[in-house]
Each structure stands twice: as structure tokens, then as C-alpha cells.
1. Considering the range 211-233 alone, what residues qualify as being over 16 Å from Pro117 (Cα atoms) and either at pLDDT below 95 or aliphatic (A, V, I, L, M) (or both)?
2. Here is a check on your reading of the model: is Lys272 touching a residue at least 40 places away in the same chain (Cβ under 8 Å) and either part of a helix (DSSP H, G or I) or open to solvent by less than 10 Å² (accessible area, probe 1.4 Å) (or both)?
3. Could you please let me know if Gly53 is open to solvent by less than 10 Å² (accessible area, probe 1.4 Å) and modelled with pLDDT under 90?
4. Which is at pLDDT below 90 and under 28 Å from Asn184 (Cα atoms), of Arg123, Arg170?
5. Quick check on the range 28-45: of everything there that is in contact with a Lys or Arg (Cβ under 6 Å, 6 or more places away or on another chain) and of a type outside the set (Phe, Trp, Tyr), which residue is surrounded by the fewest Cβ atoms within 10 Å (Cβ to Cβ)?
6. Pick from Ile94, Ile63, Ile85: which is part of a strand (DSSP E or B) and either modelled with pLDDT of 90 or more or under 27 Å from Ile148 (Cα atoms) (or both)?
7. Take residues that are touching a residue at least 40 places away in the same chain (Cβ under 8 Å), over 16 Å from Val200 (Cα atoms) and in contact with a helix residue (DSSP H, G or I) (Cβ under 9 Å, 6 or more places away or on another chain) and tell me which of the strands (runs of 3 or more DSSP E) falling wholly in the range 213-260 contain 2 or more.
8. Only one of (1) in a helix (DSSP H, G or I); (2) open to solvent by 20 Å² or more (accessible area, probe 1.4 Å); (3) modelled with pLDDT of 75 or more; (4) of a type in the set (A, V, I, L, M, F, W, C) is not met by Ile105, so which one is it?
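The values are calculated or read from the model by the stated rules, or taken from the named source; none is laboratory data. Fair warning: this is a prediction, and the values are worked out from it, not measured in the lab. As a convention, Cβ positions derive from the backbone with ideal geometry for all residues, glycine included, and neighbour counts pool all protein chains shown. When the accessible area is computed, the model is the full protein with side chains, heavy atoms only, and any ligands, DNA or RNA have been set aside. Shrake-Rupley method; radii C 1.70, N 1.55, O 1.52, S 1.80 Å.
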Amino acid sequence: TTEIYTEQIVGSVRCVQETGIVDRCNEKVNINLTQTFAEELNVYVRCIEIGNGEVTSVFDSLINQGEEACQKVNNDTNFHGEFAIIGVSQGNLISRYVIEKCNTIGTVKKYMSLGGPHMGVYRFPYCITSKFCAVVAEILSYAIDIPIIQDFIAPAQFYRDPHRPEDFLRVSRFLADLNNERPNKNQQYKDRIINLDLMVLVKFAKDHVIYPKVSEWFGYVDKRYGGDEIVMQETELYKQDYIGLRELNERGALKFMELPGEHVEWTNQDLKNLAKELV
């Protein structure tokens with residue numbers, strides 16, 4: 001795990017960074033993100049990696065990963081006050097688990113999502129360069145409905161079939177709950193999101209890893225009616241305000257940003273600009 005310590009500024013928000021699938025804190029892209037945010041904000045920033053990042057992020061349930069993240073956040077006294085969370089790719093689902101479900105000692109006040117699959121994905125490979133992705137893609141293409149697959153293959157827990165969207169609530173062991181899409185709503189999830197001062201959703205214009213990329217802005221695709229993209233404002237999740245996105249948006253606390261590159265592809269200047277959003 002990479003930890004960056006800098007001089008603290010009174011009143012500043014410290015940051016947790018959650019890594020993505022088959023991702024590790026000691027990879028250059030994550031070190032660069034951690035260091036840049038620490039330097040630009042002049043605060044403590046810690047990258048949190050769950051288990052063996054490359055294996056655990058694929059072959060463990062997102063609930064287990066979320067609980068481990070909660071423990072690591074609570075064990076770090078730097079996060080016993082107000083802090084921000086920066087999620088990267090699949091790490092955004094862990095980030096939201098911490099926000100919505102964890103009994104954190106501190107309080108999450110700002111959240112930045114970099115390429116998060118918030119409304120699920122419908123196509124694999126999810127991560128183009130890893131050997132694990134080929135295995136996961138083969139399994140999921142035939143066995144998405146099998147309970148043991150849902151329990152132990154993380155990407156299965158946020159798979160949303162655009163041809164059978166009604167199956168999502170029946171099959172999903174994680175995302176349907178996190179999004180409060182089940183008939184029995186959990187008011188805590190909404191209350192925790194509403195308590196944020198800011199949520200920033202960053203989408204990547206040329207993303208070929210998250211399918212559909214509109215999921216990064218809480219949209220999805222429904223192929224029963226021609227395969228149209230359903231943007232966030234047209235979803236029931238937003239219209240019925242299952243998790244507080246509409247309330248955030250109406251008070252100006254929800255911001256949408258787009259970077260021009262591929263999935264989690266950014267320049268140093270991009271990172272500096274993103275860091276400024278959390279000031």
C-alpha cells in the first residue's frame with residue numbers, strides 16, 4: 001500500500017483512494033494519482049488496496065472487499081474526522097460501500113468517481129490487459145445466474161444484462177442493493193449520499209473497458225427498445241431518488257466531468273485539475 005504524508009492544513013479534507021480491478025497501489029498510475037492529489041491539496045492521501053489487489057479484486061465478493069476497506073479506513077486515525085474518497089474504476093463500488101454502508105468513525109464529505117461502473121456493465125473483458133479477464137469473461141458468459149459465481153466473482157455482482165434488465169434485481173448480489181433498486185429501500189444509503197458536500201463523476205470519452213461508459217454517469221443501456229442509452233436523469237434510480245442523486249443534483253452538489261482518453265487515462269494536468277475539485 002502506498003501512503004503519502006504531507007503537512008496538514010487545518011480544515012482540509014484528507015483523502016482515501018480505492019484502486020480498481022486487477023489493480024495495485026504500487027502501480028505507476030496509482031502512485032501518480034496519490035502523489036499528485038497529496039501535493040496539490042497538501043493533505044494526507046492514502047491508497048487502499050484490498051488483499052492481493054490483482055487476485056482479490058476479481059475472485060472475492062465485493063461485500064468482503066468493502067468490509068476490509070471499512071476496517072482499513074477506521075484503523076487509520078487520519079480518517080477519524082472529515083475526509084474524501086477517490087474511487088478508481090471498480091474501486092468506486094468499494095468507495096460507495098464505505099460511504100453508504102460502513103460505520104466509519106469519521107465522515108465522508110466529498111467523493112470523486114474516476115470511471116466507476118455505477119449502473120453495472122454488460123460486456124467483458126472488463127480489463128483488457130490482464131490474463132484474469134479472459135477467465136472471468138468465459139465464466140460470466142455462461143454462468144452469471146449461478147449463486148456461487150455471484151458470491152465469488154466480483155464483476156458478476158455488477159453485471160446488468162441489457163436484454164434482460166428485469167433479471168438484474170433477481171441475480172445481483174451487490175449492486176442492486178448498493179443502488180437501492182430492490183423493493184425494500186434502505187434509507188441509510190440515501191441519507192449517507194445526501195450528507196455529501198460534493199460528488200464528482202468523471203467519465204472517459206474513449207472508454208473501452210466499461211460497457212456502457214454511460215454507467216460512469218449512472219446511466220445504462222436497455223436493448224429491449226433498440227439499445228438506447230438511458231441517461232441518469234431518465235432512470236428510476238434518479239426519478240425516485242433511491243440514493244439521493246436527484247437531491248444532490250438539485251442543490252448543485254453533483255458534478256459531471258469528462259476526460260478525452262481511454263479508461264482511467266489522464267495527464268498530470270488532468271490530475272491537478274481534478275484535485276482542485278476537492279478543495
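1. Across the range 211-233, the qualifying residues are Lys223, Arg224, Tyr225, Gly226, Gly227, Asp228.
2. yes
3. When the stated conditions are applied, Gly53 passes them.
4. Within the list Arg123, Arg170, the selection yields Arg170.
5. Glu40
6. Ile85
7. Correct list: 220-222.
8. (1)
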